[in-house]
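Following: one structure in structure tokens, then a few remarks.
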Amino acid sequence: MTVEPTIEDAPVVDTTRSPHARLRPVGVAAVRVHDRFWSPRLDRNRDETIPTQYQQCQSTGALTNFRRAGGLVDGEPFHGLYFSDSDVYKWVEAASWSLAGRPDAELDRTLDETIALFAAAQDDDGYLNTYFSVDRVAERWTDLAVRHEMYCIGHLTQAAIAHARTTGKRTLLDVALRACEHVFARFTPDQVPGTCGHPCLEMALVELYRTTRDGRWLRLATWQLDSRGRGVLNGSEYLLDHAPLREQTYVTGHAVRALYLYAAAADVVLETGDEQLRAVVDRLWRDLAQHKTAVTGGVGARWDGEAFGDPYELPDRAYNETCAAIAAIFFAWRLLLLTGDGQYRDAIETALYNGVLPGLALSGTEFFYQNPLADAGRHRRKPWFTCACCPPNVARLLASLPGYLYTTSDDGLWVHLYVGSDADVHLADGTHARVEVRTALPWDGEVEIELTPDEPTEFTLFLPRPGWAGDVTVRLGEDVIEPDTAQGYLTLRRTWRAGDRVRLRFALPTRLIAAHPRVASTHFRVALTRGPLVYCVEQVDHPDVDVADIRLTGTERWTPTFTEALGGVVALTANARAVVPDDGPLYRPYEPGAVPTQPATVTAIPYYAWANREPGPMRVFLPVLPR
């Protein structure tokens, strides 16, 4: 039995009727987060980030562009970059998902007013892009490689689906449908090749198909994937046009664009079971995970073009755009829905805590575009950017985060992220159940799951056994049990009754993580991790030693201590070593033997929290002294 989602569910990616999906997400509106770590962040996203970003869209002229295109203002020039429409669309998506978690009449009215601007700016034939609306009409669709027209319609469509699922209104969905109909008529599948230099519309079209069940949108999405390698984008490898997608063998090009494209390919596989595309996304994932992902889950090593590098090209000062970590989550989430394989869950968790969260200041109103693993103290967050893709991307991901916590399948109920929350779910046989997770992660390894089905029901409960976990103890009631493990999940099958509780105790050792020997930047260096968090050292915690001089032996005893600083974190402290200050020449003859060192106390903080205090050098990877 398939239980259809309703407005009370609001899934982010709706695989309810996807024939090749193993998992079906529980929607944003069906989940309530009450978590010591995440609740303040989601509240801040609603109360500070989303309102502030709306004001940025006003002050930068992005909203004025729609008023200008709709004939509501005269004499205004176009403001911002040619894809500034997408900033507003992402804000609308973030605001819409936030309404699922907490109704807000004022925000609802602001959304209605903003959507009215979109409708006024739309042409009679469905075309909508304010850059081309007034003074560049003749240039429409003349530069698919650069001008992002389909990309903007993609974000419009994603916002429209979020708005429809969380409010039940069709106002924005109707705008998006008309825009997509325009694209379908202009680039008709099997007739006119067409695809965008910046993917996004492909993912949106598949979700539009899931929303409307209109097969045109799945056909158009697949056609756009298959338009690659035909020279539509000048054969550019940077734009993923160097070969047909079905023949591509390695991750390349602009990181965000590539991962949006691969996520769309996974979407098509979920709907069609296309074996050729399935092989493509599998091999591209392997290349991404095994060769081109930072320890933080960040991706896109090169500052030149925000692009992927070669295998093992993972420098300290990698670019690691915040949007790219979000795109990696999108790709991994779809592969998780396809397979139920915990490797994708682990990648989502790593990128979420360590690739996305650093992109947002503790204030909720300043952002990183790049997330390097080392810095001299000059890289600081900013309220906005000329290219403002990252801030609203963070906002929409956080607003939709409850939709990534739980799924169901034909054989059970899955928890994917240990986030304090409760959810109303419908099992495969239609039985309603309430699930609640209580935890103090990422600081403490205790997790409790309580189940309340309406009636006793047999199913399998799937609980993550994360890759970071040390020893784990599992209790059902008061009894210690040893559940089976499959693909990174603990599996407990039984007849569940109201009040049944599973308690987990994960050891949270401090781990030293070394990179593959081919990663040149990390030779004889390690990163510190504890639970899902990657740690770093900041100069502000080391008044008596330069962080560049810190050396580890690899045998330190790290003491975790909770502090209210930085919004409340567990810091790690150890007695280590530091190189004795050296004013000698830059280069000198090599001499075997130990480098002179002296004792030093080292304090590490979660990487996501760096650059929230006074500026100073930061390091993730720390050198290890030879033994």
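Points to keep in mind about this one:
- For segment 91-194, the Rg and Dmax computed from alpha carbons only, in angstrom: 14.8, 46
- Inverse mean reciprocal Cα-Cα distance (Kirkwood Rh) of segment 260-312, Å: 12.1
- All alpha carbon pair distances within segment 469-525 were sorted into 10 Å bins beginning at 0; the resulting P(r) in whole percents reads 18, 34, 21, 15, 10, 2.
- Its Cα centre serving as origin, the chain has a Cβ charge dipole (Lys and Arg +1, Asp and Glu -1) of approximately 840 debye.
- Residues of segment 433-463 with amide N under 16 Å of a point placed 7 Å along Cα→Cβ from R511: 442-445
- With coordinates expressed along the principal axes, the C-alpha atoms belonging to segment 445-491 extend over 35, 24, 16 Å, beginning with the largest.
- Lysines with Cα under 24 Å of K382, excluding same-chain neighbours fewer than 8 positions away: K90
- Evaluating 6.51 cos²θ - 1.76 cosθ + 1.60 at θ = phi - 60° for every residue in segment 352-360, the Karplus couplings come out as 5, 6, 10, x, 9, 4, x, x, 10 Hz, glycine and proline recorded as x.
- Using alpha carbons only: equivalent-ellipsoid semi-axes of segment 170-221, gyration tensor based, whole Å: 17, 12, 11
- The chain: relative contact order as a whole-number percent, Cα under 8 Å and 6+ apart: 13
- Rg/Rh for segment 555-627 (Cα atoms only, Rh after Kirkwood) is 1.05.
- Taking a ≥ b ≥ c as the square roots of the eigenvalues of the Cα gyration tensor, an a/c ratio of 1.5 or more together with a/b no larger than b/c marks segment 10-73 as oblate.
- Stokes-Einstein D in µm²/s, Kirkwood radius over Cα pairs - segment 69-148 at 37 °C with 0.692 mPa s viscosity: 231
- As computed over segment 7-141, the Cα convex hull volume per residue (Å³): 159
- Of the GluC sites (Glu not before Pro) found in segment 402-501, those that fall in a DSSP loop while having at most 13 other beta-carbon atoms within 10 Å are E478.
- Debye log10 I(q)/I(0) for segment 367-483, one point scatterer per Cα, at q = 0.09, 0.20 Å⁻¹: -0.40, -1.16
- Working note: Karplus 6.51/-1.76/1.60 with θ = phi - 60° gives segment 288-298 the couplings 4, 6, 8, 10, 9, 10, 5, 4, 7, x, x Hz, where Gly and Pro are set to x.
- Convex hull volume per residue, computed on the Cα atoms of segment 318-364, equals 73 Å³.
- Gyration tensor verdict on segment 247-336 (Cα atoms; rounded if a/c is under 1.5, prolate if a/b is larger than b/c, oblate otherwise): prolate
- Taking the inverse of the mean reciprocal distance over all distinct Cα pairs, the Kirkwood hydrodynamic radius of segment 302-344 comes to 11.9 Å.
- Top positive-direction residue, dipole computed over segment 374-417 with Cβ charges, set A388, G377, T407: G377
- What the Cα atoms of the chain give is an Rg and a Dmax of 24.7, 77 Å.
- In this structure segment 220-328 gives 31 Å² per residue of accessible area when probed at 1.4 Å with all protein chains present.
- Rg and Dmax, both from the Cα atoms of segment 493-573 and both in Å, are 18.3, 59.
- Antiparallel DSSP beta bridges within the chain, percent to nearest 5: 95
- Solvent-accessible area per residue for segment 13-55 (1.4 angstrom probe, square angstrom): 39
- Among the chymotrypsin sites (Phe, Trp or Tyr not before Pro) in segment 67-170, those placed in a DSSP loop whose Cβ has at most 16 other Cβ atoms within 10 Å are W141.
- Here the Karplus curve 6.51 cos²θ - 1.76 cosθ + 1.60, taken at θ = phi - 60°, turns the phi angles of segment 391-406 into couplings of x, x, 5, 4, 4, 6, 5, 5, 5, 9, 3, x, x, 9, 8, 9 Hz, with x standing for Gly and Pro.
- The apolar share of the surface of the chain, taken as the fraction of accessible area on carbon and sulfur atoms (1.4 Å probe, ligands and nucleic acids excluded), comes to 48 percent.
The values are calculated or read from the model by the stated rules, or taken from the named source; none is laboratory data. None of these values were measured; they are calculated from a predicted model. Reconstructed Cβ throughout: ideal geometry from the backbone, glycine too, with neighbour counts over all protein chains shown. Please note that ligands, DNA and RNA were not included when accessible areas were found on the heavy atoms of the full protein model with its side chains. Shrake-Rupley method; radii C 1.70, N 1.55, O 1.52, S 1.80 Å.
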